[in-house]
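S.K.: Below you'll find the structure I mean.
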Amino acid sequence: MPNQELPELAATVLQPGFVGTSAPDWVRRWLAEGLGGVALFARNVESPAQVAALTAQLRAERPDVIVAIDEEAGDVTRFESRDGSSRPGNLALGAIDDPELTEAVARDLGAELAAAGITLDYAPDTDVNSNPDNPVIGVRAFGAEPRLVARHSGAFIRGLQDAGVAACAKHFPGHGDTSVDSHHEVPLIDRDRAGLEACELLPFRAAIEAGVQSVMTGHLLVPAYDDEWPATLSRKIMTDLLRDELGFDGLIVTDGIEMQGVRRRYGLAGATVRALAAGVDAICVGGDHADEQTAILLRDAIVEAVRTGDLKEERLVDAARRVRDLGAWATRAQTRTGARAIADAARLNGDLTALPSPHGAPANASTPNVSTPNVSAPNVSTPNVSAPNVSAPNVFAPNVSAPNASAANVSAPNGSAANVRAANVSATNGSGANGSGANGSAVNGAKVKVKGSAVGFEAARRAVKVTVTDGAARLPIDRPAHVVEFAPPRNIAIGAETPWGVGAPLDDLLPGTTSLRLTADDLEGLADPAAPVLAGAQGRALVLVARDVHRHPWLATALARVLEARPDAIVVEMGVPVRVIGGVHIATHGATRACGLAAAEVIAGSPVPAPLAA
């Protein structure tokens, strides 16, 4: 092969990030010279129309460019990072356990991403969160049971790809059974092969069976297959296991190559070359190193490795082919759905809201002045609408209605609907199972308009579970509350800019509600950690909001002290609900904007799921 072709091949396998909301000159130049794709982060996203204009710039240089984003539609969100996701995330979907709903949420997400010109989503998270102390997966997983994770991974992939966006199952071969974050260290997955097959690998097999276009590697040490190299750099895992044994023939992309799980020992360039040699096809970089110099470093290292024989030329050619194949798949898929025409038209018009979406509703439809009856009314007469495959015993099912179809009488399998209630929220403009649009929430006459995914808010409401002990205070509350949000250290995968909590939406529903956010540092050294919590709560209902209480002793201690003084306090767990504490406990199974609103609705007056015994 002529030497001048090697740099183009090396550029093809890179997926760098960049800074800015339009394509910088160096990225446009690299695309013309062979760059295969780019990765978008929250810093690149202002609005759907702006992203559509950005991706159109990229396509002008290379029509089949892969435009990737890490959009999990949950706590980890890039497309809605400024407001918080209007979808609840994987754990909430797993808690509902309705694969048809999961597929609908993913299809809705895919339509929104495709309309903005995005072609690859680094989702779904296919890990089994079997270790509750996992610091980086948690609510990002569908759950802790392999078969549940498998069926929802397959459903998410089908929905997303049906809308024309390539899905990416991650983090192979499974990041769930670890208490170490691969952003910082190399996690050890200490299972034998039989254990891995029964747990970690099961969802990836389901993903491959569902036709997933891409798989993302995990920077994990898995001695059952390779006791020397992390999975990303291991030929035994990338080629022998994923390609040969599991039969995956699509694109293999690394998790961020700058993560310390591989970078600390091997360096950016060394890890890149070794990953390609192991069987990886594309290198994701640019979360932290989003500049042309990093791209040059990696491209030149790949070229040099081919010239020295450390990387076989045919391996690089094969990797570049897979990149182009995925780009071609996305072009065909988005042309078929009409999403490519939408993205191109958005660039010209500068506004996605005026354009038809692939599902027949505007991509970001607004539903002004949506109102509902007073939710405290005990009897809601509704037509019969079924919710298939709802297996969780206390599913909070929304009343999301389209024109001429008001609030649902939701039924569970076998005709049982004893623990399924309807929350009174309506949406028009055809936003049903697959629609995106604004949602209206009304509690005791207070109207709140929210933008985003109708089916996402529906799912968030269905995921809420309430546990009430005998003699505890009853919901709803009828006066402004004092909300205290306990903020543990942030999961590094979650954007620092992404809002979360219950205080803001509850203030919308119960004006005059006050909020306070506390960290471990705020409470450290205090003789009475309950004091700052109770200071603003006199004469008010008290709402305590937490994430992963079981992982943070300081948080568990603070809650216990507060509950001694205020046993009537409402506890809202927005992480993994391992521990149920307090007289009234609300589990949202995620901390997205949709989850926060769902919890606020329950507290302020939406019908409450039947209580569980504590």
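S.K.: I need the full set of residues from segment 222-255 which are over 26 Å from T331 (Cβ atoms) and buried (at least 24 other Cβ atoms within 10 Å of the Cβ), in order please. If you could, list the steps in order and put the result at the bottom.
M.R.: Initial filter on segment 222-255 (over 26 Å from T331 (Cβ atoms)): 222-241, 244-246.
Across segment 222-255, the qualifying residues are V222, P230, A231, T232, L233, S234, I237, M238, L241.
S.K.: Where in segment 515-612 are there helices (runs of 4 or more DSSP H), lying fully within it, with 1 or more residues that are within 30 Å of the chain's Cα centre (by Cα)? Break it down stepwise before answering.
M.R.: Values: elements: 520-523, 531-534, 553-565, 593-604.
Answer list for segment 515-612: 520-523, 553-565, 593-604.
S.K.: Looking only at segment 28-56, count how many residues are assigned to a loop (DSSP other than H, G, I, E, B) and open to solvent by less than 40 Å² (accessible area, probe 1.4 Å). Even if it seems obvious, please write down each step before you answer.
M.R.: First, pick out the residues of segment 28-56 that are assigned to a loop (DSSP other than H, G, I, E, B): 33-36, 41, 45-47.
Filter once more, so that each one left must be open to solvent by less than 40 Å² (accessible area, probe 1.4 Å): 34-36, 45.
Residues meeting the conditions: 4.
S.K.: A further question on this structure: What's the number of the only condition in (1) crowded, with 24+ Cβ neighbours inside 10 Å; (2) within 28 Å of R322 (Cα to Cα) that P187 fails to meet?
M.R.: Only one criterion is unmet by P187, namely (2).
S.K.: Can you spot a residue in segment 173-181 that is open to solvent by less than 30 Å² (accessible area, probe 1.4 Å), in a loop (DSSP other than H, G, I, E, B), farther than 29 Å from D310 by Cβ and among the charged types (D, E, K, R)?
M.R.: yes
S.K.: In the set P511, P488, P499, which member is closer than 22 Å to A598 by Cα, touching a His at 6+ places or on another chain (Cβ under 6 Å) and in a loop (DSSP other than H, G, I, E, B)?
M.R.: Numbers: P511 fails: touching a His at 6+ places or on another chain (Cβ under 6 Å); P499 fails: touching a His at 6+ places or on another chain (Cβ under 6 Å).
When all the criteria are applied, what remains is P488.
S.K.: Only one residue in G536, G605 is at pLDDT below 95, over 23 Å from P489 (Cβ atoms), open to solvent by 10 Å² or more (accessible area, probe 1.4 Å) and in contact with a strand residue (DSSP E or B) (Cβ under 8 Å, 6 or more places away or on another chain), so which one is that?
M.R.: Values: G605 fails: open to solvent by 10 Å² or more (accessible area, probe 1.4 Å).
Only one candidate qualifies: G536.
S.K.: Further, regarding this structure: In the list D548, D522, which residue meets the criterion of being surrounded by fewer than 21 Cβ atoms within 10 Å (Cβ to Cβ), at pLDDT 95 or above and in contact with a helix residue (DSSP H, G or I) (Cβ under 9 Å, 6 or more places away or on another chain)?
M.R.: Numbers: D548 fails: surrounded by fewer than 21 Cβ atoms within 10 Å (Cβ to Cβ).
Sole residue among the options that is surrounded by fewer than 21 Cβ atoms within 10 Å (Cβ to Cβ), at pLDDT 95 or above and in contact with a helix residue (DSSP H, G or I) (Cβ under 9 Å, 6 or more places away or on another chain): D522.
S.K.: Taking segment 1-22, which residues are among the aliphatic types (A, V, I, L, M) and open to solvent by 10 Å² or more (accessible area, probe 1.4 Å)?
M.R.: So the first thing to find is which residues in segment 1-22 are among the aliphatic types (A, V, I, L, M), and the list is 1, 6, 9-11, 13-14, 19.
Once the filter is applied, which keeps residues that are among the aliphatic types (A, V, I, L, M) and open to solvent by 10 Å² or more (accessible area, probe 1.4 Å), segment 1-22 yields M1, L9, V19.
S.K.: Check off (1) in contact with a Ser or Thr (Cβ under 7 Å, 6 or more places away or on another chain); (2) open to solvent by less than 40 Å² (accessible area, probe 1.4 Å) for D507 and give me the number that stays unchecked.
M.R.: Among (1) in contact with a Ser or Thr (Cβ under 7 Å, 6 or more places away or on another chain); (2) open to solvent by less than 40 Å² (accessible area, probe 1.4 Å), the lone unmet condition for D507 is (2).
S.K.: Also: Among the residues of segment 278-292, which ones are hydrophobic (A, V, I, L, M, F, W, C) and either farther than 25 Å from D240 by Cβ or surrounded by fewer than 19 Cβ atoms within 10 Å (Cβ to Cβ) (or both)? Lay out the reasoning, then the answer.
M.R.: Initially, segment 278-292 is screened for residues hydrophobic (A, V, I, L, M, F, W, C), giving 278, 280, 282-285, 290.
Passing the criteria: V285, A290.
S.K.: Only one of A106, A114, A123, A95 is part of a helix (DSSP H, G or I), buried (at least 24 other Cβ atoms within 10 Å of the Cβ) and in contact with a Phe, Trp or Tyr (Cβ under 8 Å, 6 or more places away or on another chain). Can you tell me which? Show your work before the answer.
M.R.: Numbers: A114 fails: in contact with a Phe, Trp or Tyr (Cβ under 8 Å, 6 or more places away or on another chain); A123 fails: part of a helix (DSSP H, G or I); A95 fails: in contact with a Phe, Trp or Tyr (Cβ under 8 Å, 6 or more places away or on another chain).
The conditions single out A106.
S.K.: Does at least one position in segment 430-443 carry a residue that is of a type in the set (V, I, T) and at pLDDT 95 or above? Walk me through how you get there before you give the answer.
M.R.: Here is the first cut: in segment 430-443, the residues of a type in the set (V, I, T) are 443.
The next check asks that each one be at pLDDT 95 or above; those that pass are none.
Checked against the condition, which is being of a type in the set (V, I, T) and at pLDDT 95 or above, segment 430-443 yields no hits at all.
S.K.: Mind counting the residues in segment 293-309 that are surrounded by 15 or more Cβ atoms within 10 Å (Cβ to Cβ) and either over 19 Å from T254 (Cα atoms) or of a type in the set (S, T, Y) (or both)? Step through it out loud before you land on a result.
M.R.: Of the residues in segment 293-309, the ones surrounded by 15 or more Cβ atoms within 10 Å (Cβ to Cβ) are 294-295, 297-299, 301-306.
Narrowing further to those that are either over 19 Å from T254 (Cα atoms) or of a type in the set (S, T, Y) (or both): 294, 304, 306.
Here the count works out to 3.
S.K.: Please determine, by comparing only the residues of segment 446-496 that are at pLDDT below 90 and of a type in the set (G, A, S), which one is farthest from A106 (Cα to Cα).
M.R.: G471
S.K.: Considering only segment 334-344, state which residues are open to solvent by 10 Å² or more (accessible area, probe 1.4 Å) and either within 15 Å of R59 (Cα to Cα) or not β-branched (V, I, T) (or both). Reasoning before the result, please.
M.R.: Step one: filter segment 334-344 for residues open to solvent by 10 Å² or more (accessible area, probe 1.4 Å), giving 335-338, 340-342, 344.
Listed by number, the residues that qualify are T335, R336, G338, R340, A341, I342, D344.
S.K.: Same structure, new question: For segment 256-276, which residues satisfy the criterion of being out of contact with any Asp or Glu (no Cβ under 7 Å at 6 or more places or on another chain) and surrounded by fewer than 23 Cβ atoms within 10 Å (Cβ to Cβ)? First the steps, then the outcome.
M.R.: Here is the first cut: in segment 256-276, the ones out of contact with any Asp or Glu (no Cβ under 7 Å at 6 or more places or on another chain) are 256-257, 259, 262-267, 269-272, 274-276.
Residues satisfying the conditions are R263, R264, R265, Y266, G267, A269, G270, R274.
S.K.: Quickly run through segment 95-128 and pick out the residues that are of a type outside the set (A, V, I, L, M) and over 22 Å from Q213 (Cα atoms). Before you say what the answer is, go through the steps one by one.
M.R.: Let us first name the residues in segment 95-128 that are of a type outside the set (A, V, I, L, M), namely 97-100, 102-103, 107-108, 110, 112, 117, 119, 121-122, 124-127.
D97, D98, listed by residue number.
S.K.: Right, next: Do we have any residue at all in segment 139-148 that's assigned to a helix (DSSP H, G or I), within 15 Å of the chain's Cα centre (by Cα) and modelled with pLDDT of 95 or more? Full working, then the answer.
M.R.: Going through segment 139-148, the residues assigned to a helix (DSSP H, G or I) turn out to be 139-140, 146-148.
With within 15 Å of the chain's Cα centre (by Cα) added as a condition, the list becomes 139-140.
Right, trim to modelled with pLDDT of 95 or more and you get 139-140.
Checking segment 139-148: at least one residue is assigned to a helix (DSSP H, G or I), within 15 Å of the chain's Cα centre (by Cα) and modelled with pLDDT of 95 or more.
The values are calculated or read from the model by the stated rules, or taken from the named source; none is laboratory data. The structure displayed is predicted, hence computed values, not measured ones. All Cβ positions, even for glycine, are placed from backbone atoms using ideal geometry, and neighbour counts span all protein chains on display. Side chains included, ligands, DNA and RNA excluded: accessible areas come from the protein's heavy atoms. Shrake-Rupley method; radii C 1.70, N 1.55, O 1.52, S 1.80 Å.
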